[in-house]
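Beneath this line is the structure, given in structure tokens, with notes to follow.
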Amino acid sequence: MPKLTIDGIAVEVPPNTTILQAAESVGVEIPRFCYHDRLSIAGNCRMCLVDVEKSPKPVASCAMPVGEGMVVHTKSERANKARGGVMEFLLINHPLDCPICDQAGECDLQDQAMAYGFDRGSFHENKRAVRDKYMGPVVETVMTRCIHCTRCVRFATEVAGVPQLGATGRGEDMEITTYLEGALASELSGNVVDLCPVGALTSKPYAFNARPWELRKTESVDVMDAVGTNVRLDARGRQVMRVLPRVNEDVNEEWLADKSRHAIDGLRYQRLDKPYIRKNGKLTAASWDEAFAAIIAKVKGMNGAKIAAIAGDTVDAEAMIALKDLMTALGSSNLDCRQDGAALDASVRASYLFNSTIAGIEQADAILIVGANPRKEAPVLNARIRKRYLRGGLQVAVIGDAQDLTYKLENLGADASILAKIADGSHPFAATLKAAKKPMIIVGMAALTRTDGAAILAAAKSVADNCGVVKDGWNGFNVLHTAAARVGGLDLGFVPGAGGKDVRGILAGATSGEIEVVYLLGADEIDTAKLGKAFVIYQGHHGDRGAHRADVVLPGAAYTEKDGTYVNTEGRVQRGLRAVFAPGDAREDWTIIRALSEKFGKTLPYDNIAQVRARLAYVNPTFAGVDKVMPAEWKAFGVSGAIAAGGFVYPVQNYYMTDPISRASRTMAQCTEEFVLGGSKQVTGTHG
């Protein structure tokens, strides 16, 4: 490996390492604008110039590989003078917008200008102006500020796989633009704002709302999908102003999906901030005591078999264990956390996890996707598949609808029965999986929510067993969930007990009158028309579908307003922290259930969140290992049976509106208008 000296520090690095990367490995920081370690090297800003001995001129450290015996000076007079010259050129046309620019306070150009800028410039010509471009509902542009670093172009092409951005013109006439003057049609488009080192691309919903130094920063976990993206919630007062990604190499790297980033304004609208009781067909405001009294009057003394509970898609594990314990105390085993009726075997953990882990996607060399659309269901995870595809040597095949996932794939057909042919080896793709060193199968909710979902699950296991998807040191059997609460609910056993009913049975029982009380814990994705004449208790944070049908409404806290535990699709236990307080009389969900249990005379045995989490760890030791993925034992699961001919009905038809928060979001309504209802011409992804 080459050895070199950087600012007097001897360092040995692998071949093909750049000078900039070598400097970072020993803690030497080199300024840059265009370089980003997750994007290809452009070498066009020249801010990273360094002084290399025996070199006739300064060297761009981001693009220069190290050489044996190199002696590099990053802080020499020549290097600093070169950077000062680059800074002067960058500021020739850059407007003096700092007082009104949303990037002010966290702008790379500001920071570097303080370090390398002069107190006056050599140029007195008029500054140029560039027309702003329309990039959709979430990205605001002030293109006169653009310094042509091309980070946004490279991200759109390489990571998002939607090559709509590029440069036109040359020299002073160069402009970054969408080729067809349309919105940036990617579920990851908001990341270009994070990447932009100046204020050329900023967040349109956040524009002129707050300054970064006003905000209180809280680390949390996203609940808009099952990836478990690590996020930072920036709040001012009692309002979350924006959501930004946190770096987690194992989960989301440093990317964040648009819905997770911009649906946050939905927390301001249609909120439940006080209890309600239905009187004479109308919901009327009530006190907590009145709401609890109405529940007790209806439920106390009732046979537990007539009571049921359904947990929603964004509920924290603490609330689910509390509700499960309450239902058990009331004698009910009618529980389910699978609102969509997915045929998931809660008794075998390996049957419902993304066993290879999200980071494990980068090791796969063949992937079979069954009844899933990862681009809509988990955009950040889909970006990881594209990242692996761009390295080469990956074959992807899909059983399901023809779809653009931003990488080349082979569509095997829409008929679910094709999976059975792969399982018995009669389909050609079975040979591809067998020949692969680390094959992978991804089963989506569209496959498991069919009436023959259990048979599809069994067939997927047969594929895994017969095609070498599961072998020593590798488990490529993966289930892609769409609900943040699903794996946590399965882990703690929020499923029917002995003789209990699942979600289909609960709804059928409510329709027939067999089930008389249904407790909906943030459950808004069920068919409420099937609840019949049942007495419905709805606990949640938005006046969505469940609240419209409820007889009693208990206002809970959204994920930004409570400390909560969530388990992502790969089985990683993560914890979110409270950024703001819930509005009005709303309370954290587990505390509501704990208070209700006391009214029933069946007080739950925990008084604080530490005790609730101890209860979680007692029920399933997995909950004790925060930010860890525990490998699951590979055992038999699924129910053998014939797979009916026919395709899949995908759970995410409109990516921008999938839950109560995003349905209440004005930004997501604008995205729906733009991208789903055809507000502008879209450009499909690339396969390069």
- prompt: Consider GLY584 against the criteria (1) closer than 26 Å to SER665 by Cβ; (2) of a type in the set (Gly, Ala, Ser); (3) touching a helix residue (DSSP H, G or I) at 6+ places or on another chain (Cβ under 9 Å): it satisfies all of them except one. Which criterion is unmet?
  reply: (3)
- request: List every residue pair whose Cβ atoms lie under 8 Å apart, where the two residues are 6 or more positions apart in sequence or sit on different chains, the first residue falls within segment 582-608 and is farther than 14 Å from LEU554 by Cβ, and the second residue, located anywhere, is surrounded by 17 or more Cβ atoms within 10 Å (Cβ to Cβ) and hydroxyl-bearing (Ser, Thr, Tyr).
  value: THR603/SER597; LEU604/SER597
query: List, please: which pairs have Cβ atoms under 7 Å, are six or more places apart or on different chains, and start with a residue in segment 13-32 that is more than 22 Å from TYR116 (Cβ to Cβ) and end with one that is crowded, with 18+ Cβ neighbours inside 10 Å and of a type in the set (A, V, I, L, M, F, W, C)?
result: VAL13/ALA22; VAL13/VAL66; THR17/VAL66; SER25/VAL11; SER25/VAL13
query: How many of the residues making up segment 600-653 are acidic (Asp, Glu) and in a helix (DSSP H, G or I)?
result: 0
statement: Residue count, segment 212-229, condition touching a residue at least 40 places away in the same chain (Cβ under 8 Å), surrounded by fewer than 24 Cβ atoms within 10 Å (Cβ to Cβ) and outside any strand (DSSP E or B), comes to 2
- prompt: So which residues in segment 285-337 are among the β-branched types (Val, Ile, Thr) and open to solvent by 50 Å² or more (accessible area, probe 1.4 Å)?
  reply: THR328
message: Among the residues that make up segment 144-161, is at least one of them surrounded by fewer than 20 Cβ atoms within 10 Å (Cβ to Cβ), in contact (Cβ under 8 Å) with a residue 40 or more places away in the chain and part of a loop (DSSP other than H, G, I, E, B)?
response: yes
statement: The correct count of residues that are free of Cβ contacts under 8 Å to residues at least 24 places away in the same chain and touching a strand residue (DSSP E or B) at 6+ places or on another chain (Cβ under 8 Å) in segment 55-67 is 1
- request: Being over 17 Å from PRO651 (Cβ atoms) and either touching a residue at least 40 places away in the same chain (Cβ under 8 Å) or in contact with a Ser or Thr (Cβ under 9 Å, 6 or more places away or on another chain) (or both) is the filter here, so list the residues in segment 471-489 that pass it.
  value: TRP474, ASN475, GLY476, PHE477, GLY488
task: Out of the residues in segment 449-498 that are touching a helix residue (DSSP H, G or I) at 6+ places or on another chain (Cβ under 8 Å) and among the hydroxyl-bearing types (Ser, Thr, Tyr), state the one that is surrounded by the fewest Cβ atoms within 10 Å (Cβ to Cβ).
output: SER462
message: Return the residues of segment 344-379 that are open to solvent by 10 Å² or more (accessible area, probe 1.4 Å), in a helix (DSSP H, G or I) and farther than 16 Å from ASP401 by Cα; say none if nothing qualifies.
response: ARG349, ALA359, GLU362, GLN363
task: Please indicate, with yes or no, whether at least one residue in segment 455-467 is over 21 Å from GLY641 (Cβ atoms) and more than 27 Å from the chain's Cα centre (by Cα).
output: no
- prompt: Which condition breaks for ALA624 when tested against (1) touching a helix residue (DSSP H, G or I) at 6+ places or on another chain (Cβ under 6 Å); (2) open to solvent by less than 50 Å² (accessible area, probe 1.4 Å)?
  reply: (2)
- prompt: Restricting to segment 84-109, what's the tally of residues that are more than 20 Å from ASN44 (Cβ to Cβ) and open to solvent by 30 Å² or more (accessible area, probe 1.4 Å)?
  reply: 7
- prompt: Can you tell me how many residues in segment 384-401 are touching a residue at least 40 places away in the same chain (Cβ under 8 Å) and either of a type in the set (Ser, Thr, Tyr) or open to solvent by 40 Å² or more (accessible area, probe 1.4 Å) (or both)?
  reply: 4
task: Could you pull out the residue among ARG232, ARG216 that is under 25 Å from GLU187 (Cβ atoms) and modelled with pLDDT of 95 or more?
output: ARG232
Residue list for segment 402-448, filter: in a strand (DSSP E or B) and either of a type in the set (Asp, Glu) or surrounded by 24 or more Cβ atoms within 10 Å (Cβ to Cβ) (or both): GLU410, PRO439, MET440, ILE441, ILE442, VAL443, GLY444
query: Of the residues that sit in segment 33-83 and are in a loop (DSSP other than H, G, I, E, B) and among the basic types (Lys, Arg), which one is least open to solvent (accessible area, probe 1.4 Å)?
result: ARG38
- prompt: Across segment 265-292, which residue is farthest from ALA586 (Cα to Cα) among those that are in contact (Cβ under 8 Å) with a residue 24 or more places away in the chain and aliphatic (A, V, I, L, M)?
  reply: LEU283
- request: Inspect all residues belonging to segment 250-258 and state whether any of them is open to solvent by 10 Å² or more (accessible area, probe 1.4 Å) and assigned to a strand (DSSP E or B).
  value: yes
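The values are calculated or read from the model by the stated rules, or taken from the named source; none is laboratory data. Keep in mind it's a predicted model, so treat the numbers as computed, not measured. Cβ sites come from the backbone with ideal geometry, for glycine too, and all protein chains shown count toward neighbours. For the accessible areas, the whole protein counts, side chains as well, though only heavy atoms, and no ligand, DNA or RNA atoms are used. Shrake-Rupley method; radii C 1.70, N 1.55, O 1.52, S 1.80 Å.
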